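Undergrad: Okay, here's the structure, questions in a sec.
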Amino acid sequence: MGKTFDSPDDWFKGGIKKTKKSRGAGGGRTSRGSRPPKATTPKTAKAINATVKSKPQVMVKVSGSSKGCDKAQAHANYIGRNGEVELEDETGQKFKGVEQKEVLKAWQAMGIPEKDSEGKHKEALHIVFSMPNGTNPQAMKTAVKNLVEEEFTGHKYFIAQHLDTKNPHCHVLLCATDDRGARLNIKKQDLHNYRVNFVAKLAEQGIEATASRKIHRLNFKDTKRQGVYHRDIRENKPNTPKPLSEQSFQKIKKTHESVIRSYTSYQSKLPPEQLELKLDINQIIAQGKKELDKAKAKKAKTLNTERE
């Protein structure tokens, strides 16, 4: 998996395996997916070049979950805009208007508790796929559908696309248990895998994008909790991060410096013919140092203000 401090060849690829599942009635965990098993310098060069050129960054987030059909239905109502926005399930069937009010009945028949308060497990996952303004909405939705079909084979789900906000995005309401009774267990690396796969699916539709972690772009991290972040998006509130604590600042500073050392070491081992990649890495490092200096100055200003 692509860790923070290993080779840049591992930073920009997805994992080999799909998301692990608990053993269910079918006894199965997911098998190997179609992701590339090995990173290569050309793929790394392409990803770094996309980062330097500020190609659109895909966003994939798990925004919430439900333990019962009542909460899952409420989320279906939300993503369907109470019947105004089309819901599409895993079979391609489409729902609009009042028919959306009972779309979760089939899930309840699978044994999912009726009430969220009665549930013990995450029975439904709320996943968001987003792209910057200007992205072809139909091509984006097709990419999301292809990804979900590939990643979540055997699962029930509903997809809805929202185009009434700044960034076009697709909501996926996903049943956590598949048709064999195995339950998804999504980890942080899985989300990165989904982002990498999303880039591939968008490319199939003629859309350029990239998927890199903030730390590998040497961007300082927004410290908002995900729930607050997505609530602010829904309410069209400005994305204003809270000030970093001294402990958080020092931790991020140390991590950035380590990533810069990794880039520098990787660059020193590149052959002369990889000049363009070397120049791209120089640009990332220079921008990273600039961001670090800005963050230091901002932190010093905050400390001075607090002392006054």
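Undergrad: Which residue is nearest to I215 (Cα to Cα), if the candidates are limited to region 267-308 and must be polar (S, T, N, Q) and modelled with pLDDT under 90?
TA: Quick first cut of region 267-308, residues polar (S, T, N, Q) only: 267-268, 274, 282-283, 287, 302, 304-305.
Filter again for modelled with pLDDT under 90, leaving 287, 302, 304-305.
Numbers: Q287: 12, T302: 23, N304: 27, T305: 28 Å.
That would be Q287.
Undergrad: Could you pull out every one of the strands (runs of 3 or more DSSP E) wholly within region 124-226 that has 1 or more residues that are among the polar types (S, T, N, Q)?
TA: Values: elements: 124-130, 157-162, 169-175.
Counting at least 1 such residues, we get 124-130, 157-162.
Undergrad: Looking at (1) touching a residue at least 24 places away in the same chain (Cβ under 8 Å); (2) more than 23 Å from R183 (Cα to Cα), which is the one condition that is false for E84?
TA: Only one criterion in (1) touching a residue at least 24 places away in the same chain (Cβ under 8 Å); (2) more than 23 Å from R183 (Cα to Cα) is unmet by E84, namely (1).
Undergrad: Let me ask you something else. If we keep just the residues of region 79-99 that are among the charged types (D, E, K, R) and in a helix (DSSP H, G or I), which is farthest from G154 (Cα to Cα)?
TA: First pass over region 79-99, keeping only residues among the charged types (D, E, K, R): 81, 84, 86, 88-90, 94, 96, 99.
Within this subset, residues satisfying the condition of being in a helix (DSSP H, G or I) are 81, 99.
Details: R81: 26, E99: 23 Å.
Looking at the filtered set, the residue picked out is R81.
Undergrad: Go through (1) of a type outside the set (A, V, I, L, M); (2) under 21 Å from T44 (Cβ atoms); (3) modelled with pLDDT of 90 or more and name the single condition H216 misses.
TA: Condition not satisfied by H216: (3).
Undergrad: Have a look at K43, K67 and point out the one that is of a type in the set (D, E, K, R), under 20 Å from D10 (Cα atoms) and within 26 Å of the chain's Cα centre (by Cα). Explain how you work it out, then say what you get.
TA: Numbers: K67 fails: under 20 Å from D10 (Cα atoms).
Answer to the selection: K43.
Undergrad: Quick one: A76 ticks every box in (1) hydrophobic (A, V, I, L, M, F, W, C); (2) outside any helix (DSSP H, G or I); (3) within 24 Å of K21 (Cβ to Cβ) bar one, so which box is it?
TA: A76 satisfies all of (1) hydrophobic (A, V, I, L, M, F, W, C); (2) outside any helix (DSSP H, G or I); (3) within 24 Å of K21 (Cβ to Cβ) except (2).
Undergrad: So Y78 passes all but one of these: (1) in contact with a strand residue (DSSP E or B) (Cβ under 9 Å, 6 or more places away or on another chain); (2) under 18 Å from V60 (Cα atoms); (3) of a type outside the set (A, V, I, L, M, F, W, C). Which condition number does it fail?
TA: The number of the failed condition is (2).
Undergrad: Tell me, which residue of region 145-193 that is in contact with a helix residue (DSSP H, G or I) (Cβ under 8 Å, 6 or more places away or on another chain) and of a type in the set (S, T, Y) is farthest from D70 (Cα to Cα)?
TA: Applying the filter and picking the extreme gives T165.
Undergrad: Also, I was wondering about something else. Among what's in region 28-73 and is assigned to a loop (DSSP other than H, G, I, E, B), among the charged types (D, E, K, R) and modelled with pLDDT under 90, pick the residue that is nearest to V98 (Cα to Cα). Talk me through it step by step, then tell me what you get.
TA: So in region 28-73, the residues assigned to a loop (DSSP other than H, G, I, E, B) come out as 28-31, 33-40, 53-56, 58, 67-68.
Applying the additional criterion that residues be among the charged types (D, E, K, R) yields 29, 35, 38, 53, 55, 67.
Add one more test, that the residue is modelled with pLDDT under 90, and what stays is 29, 35, 38, 53, 55.
Working: R29: 37, R35: 40, K38: 48, K53: 46, K55: 40 Å.
The selected residue is R29.
Undergrad: Something else: If you check E257 against the conditions, is it at pLDDT below 85, of a type in the set (D, E) and more than 23 Å from V128 (Cα to Cα)? Write out each step before concluding.
TA: Details: at pLDDT below 85: no; of a type in the set (D, E): yes; more than 23 Å from V128 (Cα to Cα): yes.
Considered against the rule, which asks whether it is at pLDDT below 85, of a type in the set (D, E) and more than 23 Å from V128 (Cα to Cα), E257 comes out as no.
The values are calculated or read from the model by the stated rules, or taken from the named source; none is laboratory data. Computed from a prediction, not measured in an experiment: that's the story for all the values here. When we count neighbours, we look across all protein chains shown, and the Cβ atoms used for this are built from the backbone with ideal geometry, even at glycine.
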